[in-house]
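The next block holds one structure in the form of structure tokens; read it before the comments.
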Amino acid sequence: QALDAIREAHEEWGHLTGRYHAPLIEGYRMDDAEFSIVTLGSMTGAAKDAVDGARERGRRVGLVKVKTFRPFPAEAVAEALRGHGAFGVVDRSVDFAWSCGPLYREVLTALHGTTPAVPSQSFIGGLSGADLTVEQFESVIETVRHLRDPGPRDTVWLNAQD
């Protein structure tokens, strides 16, 4: 019900302002993507710049921005990622019980049983308000591009030395 209410509110906002936005997730350059990254919030601007740069270098990468975290739009995320190969999820917080970020955990749960297992990677950065840079997202893209095995792997910490 809450996801429907969010969709309705976005539709009403669009009628009032003439500005229509995707209410739950936003796909960016996903049409022919062979792999992708998943973001949440303000980090997405730098991530899009990195995706554009990678595209200029011939990398067929896309991006999925999650716009609503609770309730999590599991069906929309699964549909956006389905058929696009490996993915990496960049979080700004860590769930120490799971040794990954909460967005990564939610994405894995959304995909469980809906698609064949694909390689994935959890990235954590931007802790304590640190910026995530285009260069860091370029590194994320290159890491995800080389993923082959869907098995478990350790979380990659971005700007952990700061």
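The values are calculated or read from the model by the stated rules, or taken from the named source; none is laboratory data. Given the structure is predicted, the values throughout are model-derived calculations rather than measurements. Quick reminder, even Gly has a Cβ in these numbers, built from the backbone with ideal geometry, and neighbours come from all protein chains shown.
Look through D91, D131 and report the one residue that is touching a residue at least 40 places away in the same chain (Cβ under 8 Å), within 18 Å of K65 (Cα to Cα) and surrounded by fewer than 16 Cβ atoms within 10 Å (Cβ to Cβ).
D131
Report every pair of residues separated by at least 6 positions or lying on different chains whose Cβ atoms are under 9 Å apart, first residue within the stretch 149-162 and within 16 Å of V94 (Cα to Cα) and at pLDDT below 80, second aliphatic (A, V, I, L, M) and in a strand (DSSP E or B).
A160/I124
If I ask for residues that are touching a strand residue (DSSP E or B) at 6+ places or on another chain (Cβ under 8 Å), among the aliphatic types (A, V, I, L, M) and outside any loop (DSSP other than H, G, I, E, B), which ones from the stretch 112-138 would you list?
Matches in the stretch 112-138: I124 only.
List pairs: first in the stretch 12-23 and under 16 Å from T68 (Cβ atoms) and without any contact (Cβ under 8 Å) to a residue 12 or more places away in the chain, second exposed (fewer than 10 other Cβ atoms within 10 Å of the Cβ) and among the charged types (D, E, K, R), Cβ under 9 Å, 6+ apart or cross-chain?
W13/R19
Of all the residues that make up the stretch 24-35, how many are surrounded by fewer than 16 Cβ atoms within 10 Å (Cβ to Cβ) and either within 16 Å of G125 (Cβ to Cβ) or touching a residue at least 40 places away in the same chain (Cβ under 8 Å) (or both)?
Result for the stretch 24-35: 1.
Output the residues belonging to the stretch 36-50 that are buried (at least 23 other Cβ atoms within 10 Å of the Cβ) and farther than 24 Å from R70 by Cα.
Hit for the stretch 36-50 is A50, nothing else.
Taking helices (runs of 4 or more DSSP H) that do not extend beyond the stretch 1-94, which have at least 2 residues that are under 19 Å from P119 (Cα atoms)?
Fully inside the stretch 1-94 and qualifying: 74-81.
For residues in the stretch 139-148 being touching a residue at least 24 places away in the same chain (Cβ under 8 Å) and not in a helix (DSSP H, G or I), which is farthest from P102 (Cα to Cα)?
Looking at the filtered set, the residue picked out is R148.
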